[in-house]
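Heads up: the structure comes next, in structure tokens.
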Amino acid sequence: MFRRSIYKTPAQLRAMIEPGFITAASLDAAGAAIRAGATTADVDAAASATVVARGAESNFKLVRGYHHTTCISVNEQVVHGIPGSRVLEPGDIVSVDSGAQFRGWNGDSARTFIVPDPERTEMIARREELSRATERSMWAGIAAMASVSHIGEIGAAIQEHLEANPPSAGGDWGILREYVGHGIGRKMHEAPSVFNYRTPDPGAEVKPGLVLAIEPMVTAGSEQTLIEEDDWTISTVDGSDGSHWEHSVALHADGIWVLTAPDGGAAGLAPWGITPTPPA
Ligand code: MG
Ligand code: MG
């Protein structure tokens with residue numbers, strides 16, 4: 001069986017810049033559409049319009065049986081929520097996962113948004129804390145990718161960041177175990193898997209040409225999840241909130257570039273003293 005190398009050529013990395021930017025733009029549009037009273041279908045439509053306007057196609061729609069540009073997961077839903085008639089309410093925590101395929105190359109990224117609610121500042125603060133911890137654990141993983149020798153160290157960095165920054169209310173964050181990050185390129189989902197936690201397996205070598213979707217999925221309670229009756233949506237068993245952040249990231253000879261960040265990852269990587277460089 002032909003097996004494609006997990007390491008891409010410089011020309012292939014360059015081809016992944018534009019689908020990354022389009023994916024980022026689709027999430028900008030989704031975020032702008034999130035407000036109390038909007039449906040999750042409205043948010044999906046905003047992302048979809050952006051992907052189409054940029055001459056790309058939705059790679060989520062290429063997944064067998066899936067018919068939307070995004071997955072939108074609200075409150076106790078962590079990932080794979082299906083956009084539809086659900087109306088967003090003040091205080092909802094909303095994870096949006098989007099992607100685009102452009103000239104045969106893919107981007108994949110997710111962000112968590114919180115619908116403002118002036119009435120429930122304490123709940124908002126708890127949800128902001130979950131989202132920030134998840135996002136920063138993703139950046140810890142991306143920063144690790146810039147310097148480590150094996151993929152397993154990326155997952156360890158994500159877990160260590162979450163353990164070192166526990167919820168201020170006490171307890172621990174939950175890290176989903178059954179769902180992981182992945183390689184990305186000609187297909188949205190490629191080898192290798194990128195775990196969000198420490199494993200005994202060191203994993204593949206981290207070297208120029210590697211492109212990974214790094215995507216911690218974190219809960220404010222237990223990491224146990226169930227699949228809803230729609231056969232897609234992944235929700236926490238204990239009803240605790242979930243958050244999902246994801247970037248597609250390219251490592252190349254001159255450094256690292258966060259393909260799905262509008263600034264290439266400059267702001268997110270600054271705390272680690274890393275300056276991203278686009279693949280040349
Ligand atoms: Mg994704
Ligand atoms: Mg992904």
**Q.** Residue satisfying condition, being part of a helix (DSSP H, G or I) and within 13 Å of ligand 1 (Cβ to nearest atom), within set Ser73, Ser26, Ser48
**A.** Ser26
Q.
Please go through region 199-240 and give me each residue that is in a loop (DSSP other than H, G, I, E, B), farther than 21 Å from Arg136 by Cα and within 16 Å of ligand 1 (Cβ to nearest atom), ordered by number.
A. Trp232, Thr233
Q: Note down all Cβ pairs under 8 Å where the first residue falls in region 219-246 and is at positive phi, the second is away from ligand 1 (no atom under 16 Å from the Cβ) and not aliphatic (A, V, I, L, M), and they're at least six residues apart or on different chains.
A: Gly239/Glu76; Gly239/Gly221
Q. Which one of Thr277, Thr260 is outside any strand (DSSP E or B) and more than 15 Å from ligand 2 (Cβ to nearest atom)?
A. Thr277
Q.
Here is a check on your reading of the model: is Ala213 crowded, with 24+ Cβ neighbours inside 10 Å and either closer than 16 Å to Ile158 by Cα or out of contact with any strand residue (DSSP E or B) (no Cβ under 8 Å at 6 or more places or on another chain) (or both)?
A. yes
Q | Only listed residue being more than 16 Å from ligand 2 (Cβ to nearest atom), at pLDDT 95 or above and hydrophobic (A, V, I, L, M, F, W, C), chosen from Ala169, Ala110, Ala146 | A | Ala146
Q | Answer from Ala156, Ala143 - the residue that is more than 16 Å from ligand 1 (Cβ to nearest atom), under 25 Å from Ile22 (Cβ atoms) and either part of a helix (DSSP H, G or I) or aromatic (Phe, Trp, Tyr) (or both) | A | Ala143
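The values are calculated or read from the model by the stated rules, or taken from the named source; none is laboratory data. Keep in mind the model is a prediction, meaning the values are calculated, not measured. Cβ: placed from backbone, ideal geometry, glycine included. Neighbour counts: every protein chain shown.
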